[in-house]
Amino acid sequence: MVRWWHVAAVFAGVGPANAGDLALERIMLSSGGVGYFEYEATVDGNATLSLDVPLDQVDDILKSLVVYDDSGTAGEVTLPGREPLTQSFVDLPFGQAALDSLPALLNALQGAEVRVTGAKPMNGHLLRVVEETSRGADGLAISRNRVTLVTDAGIEQVILEDAGSIAFADPELQKKVVTALSRLASYHSDGRRRLNIESHGSGKRVVRIGYVVSVPLWKASYRLSLPTDPQADHARVQGCGKPCKFSAY
């Protein structure tokens, strides 16, 4: 038999989702490894309620979502799709593949002016980066990349791995590279979606939204410690929710 424990709303901060206009009011955790979370909001007339949910819980939430509205009716429930990553690069002069490696980025920005520092400093416009294989002193094959620039002195070359640094002369182009990296990082770290629930009705009322998701297994355990003195008039009871260390009460 699955047992449920009601947890007071004071523990709302531990819930798996944060609400915009909804407040987490009830949490019920079961011994079966699932939890019921219920939010409330006071609305007046038609309203759209929003709930930010983790990506890995979207399926469970949509399957178990329940809307309680005594004097109104639930409308559409929408979950905007995730924007394709390719959309993040539509206003940039290169695609996502350009960020796979430095040679890929330089080849994607062919013609851009760059400054090379190191043993062989030079300024010029990117012509091409070509991978080549050479032999080391021990005869082993070494892969490296040869950068070809068009400079005021003509066509010059430098080994990419020997360069101290390569910087774009155009600061705006440099910013676009940083922007692309920021968008890529944001895409991978964005693990939430906003669920929108419509409520249709008239007058002021309370709307409740609940769902069930998987949670860490919750089991209450108790231990009774009897004193060694048989004449003692009290004992110690210890309890906790597993997994945890016992605490005395």
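The values are calculated or read from the model by the stated rules, or taken from the named source; none is laboratory data. What you see is a predicted model; the values in this text were computed from it and never measured. Note that we place each Cβ from the backbone using ideal geometry, even for glycine, and neighbour counts take in every protein chain shown. Just so you know, the surface numbers come from the protein's heavy atoms only, side chains and all, with ligands and any DNA or RNA stripped out. Shrake-Rupley method; radii C 1.70, N 1.55, O 1.52, S 1.80 Å.
Some points to look at:
- Tally of residues being on the phi < 0 side of the Ramachandran plot, open to solvent by 30 Å² or more (accessible area, probe 1.4 Å), over 36 Å from the mean Cα position of the chain (by Cα) and of a type outside the set (S, T, N, Q) across region 131-168: 14
Each row is one residue, and each column tells you yes or no for (1) of a type in the set (D, E, K, R); (2) within 30 Å of Leu22 (Cα to Cα); (3) loosely packed, with under 15 Cβ neighbours inside 10 Å.
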{"site": "Val177", "(1), (2), (3)": "no, no, no"}
{"site": "Leu184", "(1), (2), (3)": "no, no, no"}
{"site": "Tyr187", "(1), (2), (3)": "no, yes, no"}
{"site": "His200", "(1), (2), (3)": "no, yes, yes"}
{"site": "Ser214", "(1), (2), (3)": "no, yes, yes"}
{"site": "Arg223", "(1), (2), (3)": "yes, no, yes"}
{"site": "Leu226", "(1), (2), (3)": "no, no, yes"}
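- Subset of region 27-51 [in contact with a Lys or Arg (Cβ under 6 Å, 6 or more places away or on another chain) and modelled with pLDDT under 85]: Ser31
- In region 110-117 there is at least one residue matching the filter, namely being touching a His at 6+ places or on another chain (Cβ under 8 Å), free of Cβ contacts under 8 Å to residues at least 60 places away in the same chain and surrounded by fewer than 12 Cβ atoms within 10 Å (Cβ to Cβ).
- Filtered residues of region 160-189 (kept if touching a residue at least 24 places away in the same chain (Cβ under 8 Å) and not hydrophobic (A, V, I, L, M, F, W, C)): Asp162, Gly164, Ser165, Asp170, Lys176, Thr179, Arg183, Tyr187
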